[in-house]
Amino acid sequence: MQRSEKILLASASPRRADLLRTAGVTFEVVPADIDETPEPREEPEELVRRLSQLKALAVAKDHPDKIVLAADTVVEHDGELLGKPESEKHAFEILAALSGDSHEVMTGFSLIFPDGNVRTEVAVTEVEFRDLSKAEINAYIDSGDPMDKAGAYGIQSGAAGFVKSIAGSYTNVVGLPLAEVMGAIRNVGTPACDHDQREGNRNVGTPVCDHDQREGNRNVGTPACDRDQREGNRNVGTPACDRNRRERIT
């Protein structure tokens, strides 16, 4: 794909748009309208993967000749999903829970290409907050910044001083794991782990091997470990090493 080729961003998030601009990506915003209700007992990683695919598919069906990018971000703390706060009181409760503790930010993103190729990945970043006072939390809420953000904070804005440390992608916490997205765009044309649902591939959205067939991997398109060979995983290219979904995918 040529970097000048326009992408349709299936998101109204100004933060995702800003990140793409910093990467020099030419894009047009075409927000997707889908039901984002979690399914019963749905794991956070499964949720962001599914919703990013649904958003991308919703826009791609009307623009089959375009590349479509969609994403979904959630925050998880102590097994609880933390979405956008429903009220200022809810925002206070979320931030008080995150104070002095660690949580995970997960973003699933999906790219649909005109040739029917679909790539879906999930990035996970661990974020640790310092101890926050009630006065700090209330002052931040009064700024209005947390009300449109998963986890009730923006690491790139008023909550920057809350963050003690992060492990993983910073841009993932903002709302889009930019390195992973740009890598997926760059590698268009190679076999991906997620083929278009319109082709009836039952493996869409499941962990399957996405290594290039040029490496002679006979298991491309089958459930297999997709960990990077640079990690020294002897099972890359072999059937299903069955990594725990809770491990970092960055």
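Points worth noting:
- Residue in segment 155-171 that is part of a helix (DSSP H, G or I) and of a type in the set (S, T, N, Q) present: yes
- Only residues that are farther than 22 Å from residue 175 by Cβ and surrounded by 14 or more Cβ atoms within 10 Å (Cβ to Cβ) were counted in segment 141-159, giving 0.
- Search result, residues across segment 39-59 that are in contact with a Lys or Arg (Cβ under 9 Å, 6 or more places away or on another chain) and in a loop (DSSP other than H, G, I, E, B): 39, 42, 43
Results for (1) under 14 Å from the mean Cα position of the chain (by Cα); (2) among the acidic types (Asp, Glu), shown as yes or no for each residue.
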site	(1), (2)
19	yes, no
24	no, no
65	no, yes
71	yes, no
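- Here residue 157 qualifies as modelled with pLDDT under 95, closer than 28 Å to residue 183 by Cβ and out of contact with any Pro (no Cβ under 9 Å at 6 or more places or on another chain).
- Taking the numbered list (1) surrounded by 21 or more Cβ atoms within 10 Å (Cβ to Cβ); (2) touching a strand residue (DSSP E or B) at 6+ places or on another chain (Cβ under 6 Å); (3) modelled with pLDDT of 95 or more in turn, residue 103 passes all entries but (1).
- In this structure, residue 48 does satisfy being surrounded by 18 or more Cβ atoms within 10 Å (Cβ to Cβ) and under 23 Å from residue 180 (Cβ atoms).
- Subset of segment 1-45 that is small (Gly, Ala, Ser) and free of Cβ contacts under 8 Å to residues at least 24 places away in the same chain - its residue that is surrounded by the most Cβ atoms within 10 Å (Cβ to Cβ): 17
- Restricting segment 113-140 to residues that are surrounded by fewer than 22 Cβ atoms within 10 Å (Cβ to Cβ) and in contact with an Asp or Glu (Cβ under 6 Å, 6 or more places away or on another chain), the residue that is modelled with the highest pLDDT: 126
- Residue in segment 89-114 that is farthest from residue 46 (Cα to Cα), counting only those that are among the small types (Gly, Ala, Ser) and part of a helix (DSSP H, G or I): 96
- Residue within segment 115-134 that is assigned to a helix (DSSP H, G or I) and among the hydrophobic types (A, V, I, L, M, F, W, C) present: no
- Just one residue in the set 143, 157 is hydroxyl-bearing (Ser, Thr, Tyr) and either closer than 29 Å to residue 49 by Cβ or not assigned by TED's automatic domain parsing to the domain that holds residue 46 (or both); that residue is 157.
- One residue stands out among those in segment 60-85 that are in contact (Cβ under 8 Å) with a residue 40 or more places away in the chain and either of a type in the set (D, E, K, R) or not in a strand (DSSP E or B) (or both): the one that is surrounded by the fewest Cβ atoms within 10 Å (Cβ to Cβ), which is 65.
The values are calculated or read from the model by the stated rules, or taken from the named source; none is laboratory data. In this text the structure is predicted, and so the values were computed from the model without any measurement. Quick reminder, even Gly has a Cβ in these numbers, built from the backbone with ideal geometry, and neighbours come from all protein chains shown.
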